[in-house]
Amino acid sequence: MDKIRVTGGVPLRGVVSISGAKNAALPAMIASLLTAETIELENLPDVIDIRTTRKLLSEFGVEADVKQGGSAVLRARRVTGCEAPYDLVKTMRASILVLGPLLGRFGRARVSLPGGCAIGSRPVNLHIEGLKKMGARCEIVHGYVEALSEGLRGANILFDTVTVTGTENLMMAACLADGETTLDNAACEPEVADLAGLLNSMGAQIEGAGTRTISIRGVKELHGCRYRIIPDRIEAGTFAAAAVITRGEIDIAGCRPDHMTAVLKQLEQAGAEIEVGKDSVRVCGKNPIRSLDVTTHPYPAFPTDMQAQYMALMTQGDGSAVITESIFENRFMHALEMARMGADIIIDGRRAVVKGGQALTGARVLASDLRASASLILAGLVAKGDTFIDRVYHLDRGYYHIEEKLSRLGAIIERIR
Ligand code: EPZ
């Protein structure tokens with residue numbers, strides 16, 4: 001298994017280009033199931049989850065051609081099956097997103113339950129309850145969601161908890177339902193709004209995406225289109241944190257600063273100098289890092305997918321910071337690994353107290369999930385000596401060649417195959 005070695009101590013400088021957003025690309029590819037016509041997508045990141053999604057779509061008979069350079073041509077002309085097998089779903093939870101489109105277009109779906117993961121139990125009850133409200137019959141049999149419908153009907157759905165893929169799943173199902181669906185307390189992440197943008201380009205009638213209330217008027221069928229995926233705000237946020245923690249200066253190009261407001265505001269209050277352009281952000285970390293509390297919440301608040309990276313930064317703060325994780329019940333695995341590097345972090349349930357001013361030293365550490373892996377790289381960039389990060393397959397699921405991008409900024413980092 002590959003490892004990554006990072007040697008700390010170099011301030012990062014230069015320009016980095018941001019790839020397309022993984023969490024926008026996955027639902028966009030899956031939306032191709034909603035039409036028999038061709039969907040052309042651009043700006044897909046070349047990461048493992050994209051390849052898994054292509055494999056998943058091929059399982060159903062979708063002609064899925066993902067090209068070098070981030071474009072894909074997808075056509076669900078002859079769908080031969082409606083089953084998402086355990087072996088694929090267990091490698092990528094977002095596979096659950098096939099449920100809505102398969103049920104909406106074909107009236108049947110058999111999808112393996114994703115089960116829990118390192119960061120939490122991650123149930124999908126809200127996805128299933130929503131589909132039942134739209135008239136589907138859903139039951140859990142042998143670890144699979146078995147769903148049938150003679151034609152979905154529009155419904156008013158109020159989410160108990162804001163759920164990103166839950167909103168996306170029901171939004172896709174509602175596109176082909178009979179009548180109007182309203183999703184209240186919906187997720188308004190940019191990735192949700194981007195999916196609605198794609199669906200409307202396919203002929204759907206969606207209003208309010210990007211707000212807490214989304215209304216979808218069902219149509220008879222959807223058509224093909226060409227669509228460009230938004231840039232990855234979490235990848236951009238990770239590089240912003242890298243500039244601050246290494247006391248360097250990075251121009252983050254090809255991003256959407258308007259999708260990063262909470263992260264940039266938090267970094268600025270923690271001492272960073274931030275210059276926002278139209279599709280770029282300059283982040284300078286020359287000032288001392290201030291310890292500052294943060295609580296993760298659904299968009300537009302501070303994202304849980306930046307919590308681990310922020311924790312690494314707070315190990316270098318000038319006091320103590322309390323980090324509260326309100327979304328997932330078990331998303332502090334990285335803290336234990338940072339402690340191996342000399343960090344002083346006290347975990348108390350969903351709160352972590354991070355003591356600043358820690359002189360980290362390189363160590364062998366284990367990545368437990370995608371964002372934890374990125375946070376260990378950030379910690380390694382300021383640690384004395386070498387840090388070896390194991391299980392980097394987590395990283396490859398969502399970051400495109402991060403070590404190459406970092407080394408172009410001056411980092412001493414390499415992948416050990
Ligand atoms: C999406 O996951 C992202 N994944 C996650 O990014 C991200 O961390 C998360 O949203 C929150 O922002 C993709 O978009 C592919 P949720 P999702 O449903 O949709 C509870 C990354 O690092 N819940 O919004 O699975 C759930 O347990 C990944 O790129 C229910 O209780 O997350 C959690 O506490 C990690 N029942 C909360 O809601 C449900 O049916 C939010 O989860 C669904 C969710």
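Hey, got the dipole for the chain? About the Cα centre, +1 on K and R Cβ, -1 on D and E Cβ, debye to the nearest 20?
Here the chain has a charge dipole of around 520 debye.
How much length is gained if the chain between V276 and E146 is pulled fully straight, taking 0.36 nm per residue apart and subtracting their Cα-Cα distance, in nm to one decimal?
Gain on stretching V276 to E146: 42.0 nm.
Quick check: with the 1.4 Å probe, what order do K55, K405, K3 take by accessible area, largest first?
Of K55, K405, K3, the descending order of accessible area is K55, K3, K405.
Please identify which residues in region 318-337 have an amide N closer than 14 Å to a label point set 7 Å out from the Cα of V353, following the Cα→Cβ vector.
Those under the cut-off are 319-324.
Placing +1 on the Cβ of each Lys and Arg and -1 on the Cβ of each Asp and Glu in the chain, which of T304, A173, A339 has its Cα farthest towards the positive end of the resulting dipole?
About the Cα centre, the residue reaching furthest to the positive side is A339.
Give the dimensionless ratio obtained when the Cα radius of gyration of the chain is divided by 2.2 N^0.38 Å.
The chain yields a ratio of 0.98.
Rounded to the nearest 20 Debye, what is the dipole magnitude of region 60-138 about its Cα centre when Lys and Arg each give +1 and Asp and Glu each give -1 at the C-beta?
On the way: 13 positive and 5 negative charges, 50 e Å.
Using Cβ point charges on Lys, Arg, Asp and Glu, region 60-138 gives about 240 debye.
Give the carbon-plus-sulfur fraction of the accessible surface of region 308-417 in %, rounded to a whole number; probe 1.4 Å, heavy atoms of protein chains only.
52 percent
May I ask you to give the percent of accessible area on region 99-154 that is carbon plus sulfur, with a probe radius of 1.4 Å?
Here it works out to 51 percent.
Could you report the chain's accessible area per residue, 1.4 Å probe, as an integer in Å²?
Result: 39 Å² per residue.
Filter the DSSP H helices in the chain by two things, a Kyte-Doolittle mean of at least -0.5 and an axial alpha-carbon span of 15 angstrom or more, and list the hits by number.
Numbers: long enough: 48-59 (17 Å, -0.46); 164-175 (17 Å, 0.76); 190-201 (16 Å, 0.49); 233-245 (18 Å, 1.22); 370-382 (20 Å, 1.75).
Membrane-span-like by this rule: 48-59, 164-175, 190-201, 233-245, 370-382.
For region 1-81, with all protein chains present and a 1.4 Å probe, just round the carbon and sulfur fraction of the accessible area to a whole percent.
Of all accessible area on region 1-81, carbon and sulfur atoms account for 45 percent.
Summing -39500 (n - 2.57) over the DSSP H runs of n ≥ 4 in the chain and dividing by its residue number, what mean residue ellipticity at 222 nm do you reach, to the nearest 500 deg cm²/dmol? Please report the intermediate quantities before stating the final value.
Details: 14 runs with 128 residues, N = 417.
So the calculated ellipticity at 222 nm is -8500 deg cm²/dmol.
The values are calculated or read from the model by the stated rules, or taken from the named source; none is laboratory data. Being a predicted model, the structure only gives us computed values, none of them experimental. Cβ coordinates were reconstructed from backbone atoms using ideal geometry, including for glycine residues, and neighbour counts include every protein chain displayed. Quick note on the areas: whole protein, heavy atoms, side chains included, nothing else; ligands and nucleic acids left out. Shrake-Rupley method; radii C 1.70, N 1.55, O 1.52, S 1.80 Å.
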